[in-house]
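The values are calculated or read from the model by the stated rules, or taken from the named source; none is laboratory data. None of these values were measured; they are calculated from a predicted model. A quick note on method: Cβ atoms are made from the backbone with ideal geometry, for glycine too, and the neighbour counts reach across all protein chains shown.
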Amino acid sequence: MLDQIIENIIQKIRKEVVQPGMGDIPLTYIFTRNIPDSIKHFFDQEVELWIREESEKFSASERFDYDVPEVQMLLDKIFDTLKQTATFNLNQFNLLLER
């Protein structure tokens with residue numbers, strides 16, 4: 001019974017978000033859809049994880065000082081822009097939605 005309820009919710013969200021012919025689903029598009037805020041937050045947190053992973057690549061480098069305030073400010077700007085352009089391919093979206 002609970003499994004069926006969960007599946008129905010997933011199908012409603014999928015129907016609201018995924019349009020015919022869509023291959024990629026931008027995070028900004030997900031925010032505009034009529035779906036629960038908790039689902040929007042879930043996808044937002046996934047992108048935050050991606051950004052954290054990218055950020056760690058910079059901080060692991062010993063070649064440059066990424067802690068310089070000017071550099072940190074530019075990196076923050078880059079990561080903000082990356083978040084605004086983040087997309088999920090259809091398979092990613094479906095896998096995350098069922099998680």
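Below are the figures for this structure:
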quantity	calculated
Selection status of residue 79, in contact with a helix residue (DSSP H, G or I) (Cβ under 6 Å, 6 or more places away or on another chain), touching a residue at least 12 places away in the same chain (Cβ under 8 Å) and either among the aromatic types (Phe, Trp, Tyr) or in a loop (DSSP other than H, G, I, E, B) (or both)	yes
Odd one out for residue 66 among (1) assigned to a helix (DSSP H, G or I); (2) surrounded by 10 or more Cβ atoms within 10 Å (Cβ to Cβ); (3) more than 16 Å from the chain's Cα centre (by Cα)	(1)
Failed condition for residue 8, given (1) in a helix (DSSP H, G or I); (2) within 20 Å of the chain's Cα centre (by Cα); (3) not hydrophobic (A, V, I, L, M, F, W, C)	(2)
Among (1) surrounded by 12 or more Cβ atoms within 10 Å (Cβ to Cβ); (2) modelled with pLDDT under 95, the one test that residue 4 misses	(1)
